[in-house]
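The values are calculated or read from the model by the stated rules, or taken from the named source; none is laboratory data. Quick caveat: nothing in here was measured; it's all calculated off a predicted structure. Here Cβ is always computed from backbone atoms with ideal geometry, including for glycine, and neighbour counts include all displayed protein chains.
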Amino acid sequence: MFRSLASYTGIIFDLGDVLFKWSTNTTTTISPQTLRSILNSPTWFDYERGRLGEADCYAIVSSEFGVSVEEVRRAFQDARNSLQANHNFIHLIRELKAQSNGGLRIYAMSNISLPDWEVLRAKSADWSIFDAIFTSSAAGERKPHLGFYRYVISATNLRPQQTIFVDDKLENVLSARSLGFCGIVFEKEPTVGRALRNLVGNPIERGREFLRHNARNFQSVTKATPTQPSVMVEENFAPLLIFETTGQK
């Protein structure tokens with residue numbers, strides 16, 4: 001259950017598939033399904049924890065999945081090239097942080113190898129929104145293992161009960177919730193955006209902005225039913241009520 005507004009002082013975001021988008025389609029014979037399987041293999045997990053170097057990881061993956069080392073290298077180069085920042089969502093985060101007047105800290109927490117992190121951080125994005133970024137390769141742990149979360153808590157002094165955690169993988173969100181975080185699964189961007197605005201935004205100012213944006217365009221609409229579509233009702237009561245309340249035509 002979400003807590004009251006203004007009680008959250010931090011948000012932790014995943015990077016891949018949340019703040020950055022990428023494609024599993026490559027110019028190699030490695031299918032998107034195989035690429036996903038590689039990313040979910042124990043070998044890749046060790047790579048993300050910093051226990052394997054890039055060359056060793058690719059060599060082992062090549063043997064495990066029956067593809068050449070060169071194909072593996074090319075496939076992940078294609079994936080790196082496809083990385084693009086989700087600028088609209090990053091803009092929302094910057095907006096929420098600005099509205100907090102210094103009361104909201106923003107962090108990133110990602111399962112990512114050191115070589116991939118070096119590529120990602122060179123991508124064009126507003127990195128200034130983050131107070132700190134934590135990677136599995138630096139922590140030696142990866143989500144959903146609790147050790148990674150505790151590593152971040154220790155480094156930031158965040159209180160989980162006052163922190164929102166956003167990730168596209170349910171298992172990662174469940175681990176966060178087990179420690180007291182308010183966990184949100186990143187599925188549909190507009191839905192997550194509304195949830196964040198409700199949790200840390202200013203609802204009064206949002207209401208005023210809605211009124212300004214829709215000025216002179218407020219109509220009453222009946223609720224649709226399975227057998228009856230909604231109907232617009234032209235009446236003056238609602239606009240007059242808004243005028244009486246706001247004092248603005």
Fill in the blank from the handout: Quick count over region 120-146, residues being assigned to a loop (DSSP other than H, G, I, E, B), touching a residue at least 24 places away in the same chain (Cβ under 8 Å) and over 16 Å from the mean Cα position of the chain (by Cα), is 6
Fill in the blank from the handout: In region 110-146, anything touching a strand residue (DSSP E or B) at 6+ places or on another chain (Cβ under 8 Å), closer than 20 Å to residue 51 by Cβ and either exposed (fewer than 14 other Cβ atoms within 10 Å of the Cβ) or not charged (D, E, K, R) (or both) is listed as 110, 111, 112, 114, 117, 120, 134, 135, 136
Exercise for the section: Pull up region 147-167, narrow it to residues that are assigned to a helix (DSSP H, G or I) and in contact with a helix residue (DSSP H, G or I) (Cβ under 6 Å, 6 or more places away or on another chain), then point me to the one that is surrounded by the fewest Cβ atoms within 10 Å (Cβ to Cβ). Expected result: 151
Practice task
Please verify whether region 56-65 includes one or more residues that are modelled with pLDDT of 95 or more, assigned to a helix (DSSP H, G or I) and within 20 Å of the chain's Cα centre (by Cα).
Solution key: no
Completion exercise
Restricting region 187-201 to residues that are hydrophobic (A, V, I, L, M, F, W, C) and more than 16 Å from residue 90 (Cβ to Cβ), the one surrounded by the fewest Cβ atoms within 10 Å (Cβ to Cβ) turns out to be 195
Handout entry: Single unsatisfied condition, residue 238 versus (1) assigned to a helix (DSSP H, G or I); (2) farther than 30 Å from residue 161 by Cβ; (3) out of contact with any Phe, Trp or Tyr (no Cβ under 8 Å at 6 or more places or on another chain)
Key = (3)
Fill in the blank from the handout: The residue from 30, 38 that alone is in a helix (DSSP H, G or I), surrounded by 13 or more Cβ atoms within 10 Å (Cβ to Cβ) and not assigned by TED's automatic domain parsing to the domain that holds residue 159 is 38
